[in-house]
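Scroll down for the structure; my scribbles are underneath it.
Each value in this text was obtained by applying a stated rule to the coordinates, not by laboratory testing. All values reported here derive from a predicted model rather than from experimental measurement. Using ideal geometry, Cβ is built from the backbone for each residue, glycine included, and neighbour counts are taken over all protein chains shown.
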């Protein structure tokens with residue numbers, strides 16, 4: 001049988017993982033808004049330096065979304081899903 005201290009530690013870790021999952025979900029929502037906005041900017045046929053900035057925002061936000069997806073996978077593994 002687990003000691004009360006060990007059980008409390010498991011509960012705290014589960015709470016921390018749950019909080020991190022909420023934060024990762026919220027980050028996904030924010031990144032999706034950025035990705036959608038950059039898509040719309042790309043449809044506007046922006047040229048020159050402005051287009052390079054749009055491309056930078058797009059590629060960076062896609063990479064951030066990929067990383068966030070990996071974080072969410074790890075958190076799901078920790079929570080047993």
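Return the Cα extents of segment 14-78 along principal axes one, two and three, sorted largest first, each rounded to a whole Å.
Between the extreme Cα coordinates on each principal axis of segment 14-78 lie 49, 14, 13 Å.
Take the Cβ-Cβ distance between residue 50 and residue 79 as r, set R0 to 41 Å, and report the resulting FRET efficiency rounded to the nearest 0.05.
0.45
Report the calculated FRET efficiency for residue 72 and residue 12 (r = Cβ-Cβ distance, R0 = 22 Å), to the nearest 0.05.
Once rounded, the FRET efficiency stands at 0.60.
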